[in-house]
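Accompanying notes for the structure given below.
Read-outs: derived from the displayed coordinates by stated rules, not from any lab. Here the structure is a predicted model, which is why all the values come from computation and not from measurement. Here the Cβ positions follow ideal geometry from the backbone for every residue, glycine too, while neighbour counts run over all protein chains shown.
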Amino acid sequence: MPPVADLTKHTLRLMREYVQRTPHPPSQDYTTLSFYQFRPIAQEDLVKLQYYFLTDLRQMDVVGRIYVSTEGINAQISCPKDRVDEFKKYYAKHWPIFDKIRFNPAMTEGKAFKKLHVRVRTQLVSDGIDNSTFDLNNEPTYLTPEEWHKELSSLSEPPVLIDMRNHYESAIGHFEHSIRPDVTTFRENVDAMLEICQGKEEKDIYMYCTGGIRCTRSGALLKSKGFNSVKMLQGGVTAYGQFIQDRRENMTAAATVDKDEDSGSLATNNEEFRSIYRGKNFTFDKRLGEPITEDVLANCHTCGSPCDEYCNCSNTACNLLMISCPSCQAKHEGTCGSDSCVEMVRELNAKQEQIKKDYPGLIGMKARLGIKPLHEHRLRVRPSTVMEMRKKSSSSNTSGRSVSHKDRARL
Ligand SMILES: [Zn+2]
Ligand SMILES: [Zn+2]
């Protein structure tokens with residue numbers, strides 16, 4: 001770790017502010033990568049990591065979210081396409097401590113983040129399990145997307161295949177025959193995994209998550225508990241999506257050649273590379289998901305029609321993460337549909353229209369309310385619970401009491 005002279009919290013704060021205020025190139029020229037590595041880092045070195053990542057990555061116009069902890073690093077970043085090689089070389093040259101990092105590209109192009117954040121965390125993925133109680137180096141077997149695809153496609157009986165993601169992630173896409181625990185946090189999922197695996201010590205256990213980090217950790221926990229054959233999808237659903245996309249592109253190219261040569265082999269190839277993952281891969285950035293197949297596995301939380309588009313309620317004070325179809329979006333002004341949210345957004349829109357008329361030079365005033373959202377993501381509120389509670393309260397509450405805006409946002 002290189003030394004940093006006189007590095008104080010103040011310098012770090014100034015650097016962070018500078019990094020976040022300066023503009024970046026247009027969004028279409030970006031590509032998104034995720035990577036992680038568990039590797040012990042001294043507590044006192046974390047601030048240096050923050051400083052170097054902020055300064056060096058800013059120079060490369062990289063944006064995204066990087067978490068560092070005494071356990072290692074976990075990152076999702078968007079990098080200008082023409083600087084990806086430079087970024088990878090930078091890692092290899094300056095960070096030999098992260099020698100096992102695999103860069104995992106997202107399927108869709110473009111900028112998934114607006115700013116660069118480098119944050120210190122206690123745990124990279126929080127399962128609340130003390131690292132001293134199991135051996136993180138006792139890693140599960142990594143199957144490349146191709147090996148995973150071949151192995152799972154050729155099994156004679158359904159495998160023990162665990163989706164290590166939360167309910168809102170597996171709801172819009174998952175592997176065929178997967179066991180999908182109905183959980184809201186990784187901690188709950190680890191408990192569910194232990195329950196599912198009970199008595200199956202001699203069986204092959206397969207597991208997958210978005211990018212692999214959750215499986216690296218929970219797989220090591222299983223192995224430490226005496227499970228011999230724990231296999232995980234290397235690079236997670238993101239890498240599998242990339243694999244399927246590459247196969248499709250190769251097949252299209254092969255189909256053109258086949259057509260020219262009048263060969264009939266395409267049908268066999270098609271079946272061989274049929275995606276065993278259905279639907280979308282949920283992503284933790286502004287895209288909130290990328291499609292792998294066209295299957296729509298979920299429903300609009302408001303009207304129940306087939307839909308897998310996640311969004312947050314447009315009332316920033318509510319912020320509920322929900323699935324909402326285009327017609328509900330239009331009908332409810334992009335909100336979750338509660339009377340208070342619809343009313344508040346309509347009022348704000350009307351006010352903004354008035355401001356535009358009164359002050360034609362002033363544009364783009366955002367409805368920044370300075371209120372903490374009611375449904376912060378970390379609280380993991382289920383839209384179905386909110387909708388049910390709303391139905392119950394609307395049938396029992398007929399008093400029509402007058403309430404202030406602030407109160408209404410929290411109903
Ligand atoms: Zn709807
Ligand atoms: Zn709302």
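Below is a table of values for the structure above.
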read-out: Rounded to the nearest 20 debye, dipole of region 126-284 from Cβ charges on Lys, Arg, Asp, Glu; value: 420
read-out: Dipole magnitude (debye, nearest 20) for the chain, charges at Cβ of Lys, Arg, Asp, Glu; value: 2220
read-out: Contour minus Cα-Cα distance for Ser395 and Ala330 (0.36 nm per residue); value: 20.9 nm
read-out: Neighbourhood net charge (9 Å Cβ-Cβ; Lys/Arg +1, Asp/Glu -1) for Thr108; value: -1
read-out: Ranked Met232, Met164, Met60, criterion: other C-beta atoms within 10 Å, fewest first; value: Met60, Met232, Met164
read-out: Under 11 Å from the Tyr91 label point (7 Å along Cα→beta-carbon), backbone N, region 97-129; value: 98-105
read-out: Footprinting exposure proxy for His10, His149, His177, His117 (fewest neighbouring C-beta atoms within 10 Å first); value: His10, His177, His117, His149
read-out: Over region 9-120, relative contact order from alpha-carbon pairs under 8 Å, at least 6 apart, %; value: 41
read-out: Local net charge near Ile129, Cβ-Cβ under 13 Å (Lys/Arg +1, Asp/Glu -1); value: -2
read-out: Of the GluC sites (Glu not before Pro) in region 149-182, those whose Cβ has at most 15 other Cβ within 10 Å and which sit in DSSP loop; value: Glu176
read-out: Region 126-284 - Rg and Dmax from Cα coordinates, angstrom; value: 17.4, 62
read-out: The chain: calculated mean residue ellipticity at 222 nm from DSSP helix runs of at least 4, using -39500 (n - 2.57); value: -11500 deg cm²/dmol
read-out: Computed Kirkwood radius, in angstrom, where 1/r is averaged over Cα pairs of region 9-120; value: 14.2
read-out: Theoretical FRET efficiency, 1/(1+(r/R0)^6), r = Cβ-Cβ of Leu14 and Lys351, R0 41 Å, to 0.05; value: 0.70
read-out: Cα Rg, Dmax, the chain, angstrom units; value: 23.9, 76
read-out: Exposure proxy ranking, count of Cβ atoms within 10 Å, fewest first, for Trp148, Trp95; value: Trp95, Trp148
read-out: Using a Förster distance of 30 Å, the FRET efficiency for Thr55-Lys81 (Cβ separation, nearest 0.05); value: 0.85
read-out: Full-extension gain in nm, Lys150 to Leu136, via 0.36 nm per residue minus C-alpha separation; value: 2.3 nm
read-out: DSSP-defined antiparallel bridges as percent of all bridges, the chain, nearest 5; value: 60
read-out: Number of Lys pairs (Cα under 24 Å; 8 or more positions apart or on different chains) in region 41-195; value: 20
read-out: Mean Cα-pair separation over length for the chain, i.e. relative contact order, pairs under 8 Å, 6 or more apart, %; value: 12
read-out: Among Thr32, Thr184, Thr252, residue whose mean-square fluctuation peaks in a GNM of the chain (springs only between Cα atoms under 10 Å); value: Thr252
